[in-house]
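J.: Below: one structure in structure tokens.
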Amino acid sequence: MLREVSDQQHGAIALFVGTVRSVNEGREVKAIEYTAYESMAEREMSAVLSEAEQQHAGVVLAAEHRIGLLEVGEASIAIAAAHAHRGQALDALRYAIDEIKNRAPIWKREMYADGSESWVDPTHTAAR
Amino acid sequence: MLITVRFFASYADNLGLKNTEVTLADGASITDLLSSVAKLPGASSLPTNPLVAVNQVYASPETRLSPGDEVALIPPVAGG
């Protein structure tokens, strides 16, 4: 992904990697199963990257989201943003991760240490 | 007209169903489709006004449907 966005004109490449955290809402998490409405998620992620590139002229972005079963510590999402200067790269990256989290139709089912499971509903928790 | 409806994550679990097809009158809207979905077994656990997408694009309750459209009911998203 870094190669995808790198260019001799770009003096800055910002990278965001989201990983599976071991604790959520006070519960010990063992793994997360991600599912998606894949065709729409791809479309929505592309739309977000285009918006970020329009808002920050000269920025080039790439993003990938994994689906399936991921264990604690594994990466679920990565986004790279490159620009001539760091300010634009970081701003575009921030926009992209926030909007992808808000809009891409992707869901996670957390599997806890005690054997129970539940769908994560960010509208019912403080974790944003 | 025939509309394909897709369910995901908690909604699919609640309904025990990932896809279905519903027949609606020509000119029907998302609101009409949701009334039809509300009659499915298990639908009482779904919100009255869930997020919806028509052909992979977020849509409002007033959106008119066309034959062959794919409508998805989108539970609160949690990617990242």
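J.: Would you point out which residue out of A:ALA62, A:ALA75, A:ALA47, A:ALA81 is under 17 Å from the mean Cα position of the chain (by Cα), buried (at least 21 other Cβ atoms within 10 Å of the Cβ) and at pLDDT 95 or above? Spell out the reasoning first.
T.: Working: A:ALA62 fails: buried (at least 21 other Cβ atoms within 10 Å of the Cβ); A:ALA75 fails: buried (at least 21 other Cβ atoms within 10 Å of the Cβ); A:ALA47 fails: buried (at least 21 other Cβ atoms within 10 Å of the Cβ).
Being under 17 Å from the mean Cα position of the chain (by Cα), buried (at least 21 other Cβ atoms within 10 Å of the Cβ) and at pLDDT 95 or above holds for just one of A:ALA62, A:ALA75, A:ALA47, A:ALA81, which is A:ALA81.
J.: Within segment A:1-29, which residues are assigned to a strand (DSSP E or B) and either without any contact (Cβ under 8 Å) to a residue 24 or more places away in the chain or out of contact with any Gly (no Cβ under 9 Å at 6 or more places or on another chain) (or both)?
T.: A:ILE13, A:ALA14, A:LEU15, A:PHE16, A:VAL17, A:VAL23, A:ASN24, A:ARG27, A:GLU28, A:VAL29
J.: Looking only at segment B:6-23, how many residues end up being closer than 12 Å to B:LEU73 by Cα, among the hydrophobic types (A, V, I, L, M, F, W, C) and part of a strand (DSSP E or B)?
T.: Summing the residues that are closer than 12 Å to B:LEU73 by Cα, among the hydrophobic types (A, V, I, L, M, F, W, C) and part of a strand (DSSP E or B) in segment B:6-23 gives 1.
J.: Could you please find all residues in segment A:30-47 being touching a Lys or Arg at 6+ places or on another chain (Cβ under 7 Å) and in a helix (DSSP H, G or I)?
T.: Passing the criteria: only A:GLU44.
J.: Filter segment B:44-80 for residues that are under 10 Å from the mean Cα position of the chain (by Cα) and not in a loop (DSSP other than H, G, I, E, B) and give the result.
T.: Correct list: B:LEU51, B:VAL52, B:ALA53, B:VAL54, B:GLU70, B:VAL71, B:ALA72, B:LEU73, B:ILE74.
J.: In segment A:95-105, what residues are surrounded by 15 or more Cβ atoms within 10 Å (Cβ to Cβ) and either over 16 Å from A:ARG21 (Cβ atoms) or out of contact with any Phe, Trp or Tyr (no Cβ under 9 Å at 6 or more places or on another chain) (or both)?
T.: Going through segment A:95-105, the residues surrounded by 15 or more Cβ atoms within 10 Å (Cβ to Cβ) turn out to be A:95-97, A:99-101, A:103-105.
Hits for segment A:95-105 are A:TYR95, A:ALA96, A:GLU99, A:ILE100, A:LYS101, A:ARG103, A:ALA104, A:PRO105.
J.: Next question, about the same structure. Taking the conditions exactly as written (surrounded by 14 or more Cβ atoms within 10 Å (Cβ to Cβ) and either within 24 Å of A:LYS108 (Cβ to Cβ) or away from chain A (no Cβ under 13 Å) (or both)), does B:ASP26 satisfy them or not? Break it down stepwise before answering.
T.: Working: surrounded by 14 or more Cβ atoms within 10 Å (Cβ to Cβ): no; either within 24 Å of A:LYS108 (Cβ to Cβ) or away from chain A (no Cβ under 13 Å) (or both): yes.
For B:ASP26, the condition - surrounded by 14 or more Cβ atoms within 10 Å (Cβ to Cβ) and either within 24 Å of A:LYS108 (Cβ to Cβ) or away from chain A (no Cβ under 13 Å) (or both) - is not met.
J.: A further question follows. Scan segment B:1-23 residue by residue and report those that are buried (at least 18 other Cβ atoms within 10 Å of the Cβ), away from every other protein chain (no Cβ under 12 Å) and in contact with an Asp or Glu (Cβ under 9 Å, 6 or more places away or on another chain).
T.: Once the filter is applied, which keeps residues that are buried (at least 18 other Cβ atoms within 10 Å of the Cβ), away from every other protein chain (no Cβ under 12 Å) and in contact with an Asp or Glu (Cβ under 9 Å, 6 or more places away or on another chain), segment B:1-23 yields B:ILE3, B:VAL5.
J.: Moving to a separate point now. Any residue in segment A:31-46 that is more than 9 Å from every other protein chain (Cβ to nearest Cβ) and basic (Lys, Arg)?
T.: No, the conditions are met nowhere in segment A:31-46.
J.: Checking the structure you have, find out if any residue of segment B:38-57 is in contact with a strand residue (DSSP E or B) (Cβ under 8 Å, 6 or more places away or on another chain), farther than 29 Å from A:ILE67 by Cβ, without any contact (Cβ under 8 Å) to a residue 60 or more places away in the chain and away from every other protein chain (no Cβ under 14 Å). Explain how you work it out, then say what you get.
T.: Of segment B:38-57, the ones in contact with a strand residue (DSSP E or B) (Cβ under 8 Å, 6 or more places away or on another chain) are B:40, B:46, B:50-56.
Remaining after also requiring farther than 29 Å from A:ILE67 by Cβ: none.
No - not one qualifying residue is present in segment B:38-57.
The values are calculated or read from the model by the stated rules, or taken from the named source; none is laboratory data. What you see is a predicted model, and the numbers here were worked out from it, not measured in a lab. Cβ sites come from the backbone with ideal geometry, for glycine too, and all protein chains shown count toward neighbours.
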